[in-house]
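Here the structure is laid out as structure tokens; the discussion comes afterwards.
The values are calculated or read from the model by the stated rules, or taken from the named source; none is laboratory data. What you are looking at is a predicted structure, and each value in this text was computed from that prediction instead of being measured. Here the Cβ is made from the backbone with ideal geometry for all residues, glycine too, and neighbour counts use every protein chain on show. The accessibility values were calculated without ligands, DNA or RNA, using every heavy atom of the protein model including side chains. Shrake-Rupley method; radii C 1.70, N 1.55, O 1.52, S 1.80 Å.
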Amino acid sequence: MDTFAPARADLFSFGLWTVGNVGRDPFGGPVREPMAPTHIVRKLRECGAYGVNLHDNDLVPPGTSAARRDAIVADFKAALEDTGMVCPMATTNLFSHPAFKDGAFTANDPFVRAFALRKTMAAIDLGVELGAKIQVFWGGREGVETDACRDPREGIRRMREALNYLCAYVKDNGYDLRFALEAKPNEPRGDIYFATTGHMLHFVDSLDQSEMVGVNPEVAHENMAGLSMVHAVAQAMEAKKLFHIDLNAQKIGRYDQDLRFGSEDLKQALLLVRLLEGTAGGDRYEGPRHFDAHAYRTEDEEGVWEFARGCMRTYKILHARARSFDADPEVREIIKDPKDPKSMEVDGLCKGYDANKARALRECKLDPEARGKRGLGYERLDQLLIEHLMGVRSCA
Ligand code: GCO
Ligand code: MN
Ligand code: MN
């Protein structure tokens, strides 16, 4: 039996737009034929995914009549039922239409903001109809080339207004749906508002219904900003705000590459899987493992499925390597919490302020000079990490 074969319980999902990417880039047109959404559903199931996500327009092209829309949705639902696939997440395309060139919810033109809101309400209805429990918001064009066009504080306020409105819409309709906000620092705009997951987490707390809003961090987007995806995800998890995740790979300092998961910076990928799966302890992430990536432009359709299988297989291999690393007695020895009475006592003085504790803290012996001279063994620790990652060291 192949232990790395994806199973439904792994909760691997792909967007229609990811495996359906036709390879268009700023320098050249498509290199692959578009695939029917129902075909994608079937192929993803064959590859071992459990879920398929979509933008409204990935399934229902703009300008489709109501009757045609219903027929498309019925076909898609039938494909989901046939295959046992689910649609865990849906989102709204608020970036392709020319009207969105100045943003959607943050645009200066109230007609554009109204169009964005109306389009999103329809996309929410569509997602709910397909069973989605998460609506992602990626404000692809919510930004500027020139900040001369508006007070950026107004951009923030408009975004808040729109999300409050949409949360109220969800409540009003009794939908069982949560929102996940996805940050990106730039591309397609020169600068996008709420550039990182950290920015988003703060913004979430300012919303009327903040309990139904979390984040959707993406590896590539944090890396574009030169930041640690592992830290972004950790902060989201610690705040109980990791509602969804976009897994892919990215070389630092480049445009948004959306590469196959684990194909760049394997060490970071391992540490991310370790965090999500909780192999080092702590809560596990329970939501979908979504791959927001696409195949190289060099590939034909077979290469696309090879790419999809690769994302899931690498995730499972990294999970196994993370388990092996965390089961290594030498690793545990290096990172264990000191449990000797002196250390416990000092630690106790630093938790939960009161005047007595502060007085005792002022007086106790800490010996910072000796502590400053101690080596911590993190070179050895990281070498062990690399050896588990490369498969030359294994612990059950
Ligand atoms: C990108 C984004 C998108 C979003 C998607 C869902 O950089 O293009 O990552 O792929 O994730 O639009 O909202
Ligand atoms: Mn994304
Ligand atoms: Mn992206």
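Applying 1/(1 + (r/R0)^6) with R0 = 45 Å to the Cβ-Cβ distance of LEU361 and CYS149, what FRET efficiency is obtained, to the nearest 0.05?
That pair, LEU361 with CYS149, gives E of 0.30.
Where only protein heavy atoms count, and the probe is 1.4 Å, what is the accessible area per residue for segment 8-327 in Å²?
43
Go ahead and set up a Gaussian network model of the chain, Cα springs under 10 Å, then flag whichever of ASP205, ASP151, ASP382 fluctuates most.
ASP151
Within the chain, what is the longest stretch that has no GluC sites (Glu not before Pro) placed in a DSSP loop and near at most 16 other beta-carbon atoms within 10 Å?
1-144
Return the carbon/sulfur percentage of the accessible area of segment 271-396, one whole number, probe 1.4 Å, all protein chains in place.
C and S fraction of accessible area: 54 percent.
Starting from segment 307-371, pick out the chymotrypsin sites (Phe, Trp or Tyr not before Pro) whose DSSP state is loop and whose Cβ has at most 10 other Cβ atoms within 10 Å.
Here the chymotrypsin sites (Phe, Trp or Tyr not before Pro) that fit, given the DSSP loop and packing criteria, are TYR353.
With a point put 7 Å past each Cα toward its Cβ, work out how far ALA280 is from ARG118 in nm, to one decimal.
The two pseudo-label positions are separated by 5.0 nm.
What aspartates and glutamates could a cross-link reach from LYS357, if we take a straight Cα to Cα line under 18 Å and drop same-chain neighbours fewer than 8 places away?
GLU345, ASP347
In whole angstrom, how far apart do the alpha carbon centroids of segment 218-236 and segment 296-316 sit?
If we compute the Cα centre of each part, the gap is 23 Å.
Which entries of LYS77/LYS101; LYS101/LYS184; LYS267/LYS351; LYS240/LYS316 have Cα-Cα distances beyond 28 Å here?
Those over the limit are LYS77/LYS101; LYS267/LYS351.
Can you compute the modelled spin-label distance between TYR165 and CYS350, with each label point 7 Å from Cα toward Cβ, in nm?
4.8
Can you tell me the accessible area per residue over segment 329-389, all protein chains present, probe 1.4 angstrom, in square angstrom?
82
On a 1.4 Å probe surface of the protein chains, which of MET237, MET1 comes out largest in accessible area, and what is the full order?
Listed by decreasing accessible area, they come as MET1, MET237.
Please work out the FRET efficiency for the pair GLU211 and MET390, using the Cβ-Cβ distance as r and a Förster radius of 56 Å; give the result to the nearest 0.05.
0.85
Take the solvent-accessible surface of the protein heavy atoms, probe 1.4 Å, and return the percent of it on segment 71-209 that carbon and sulfur atoms account for.
Accessible surface attributable to carbon and sulfur in segment 71-209 totals 52 percent.
Calculate for the chain the 222 nm mean residue ellipticity that helices alone would give, adding -39,500 (n - 2.57) per DSSP H run of length 4 or more and normalising by residue count, nearest 500 deg cm²/dmol.
-14500 deg cm²/dmol, from helical runs alone.
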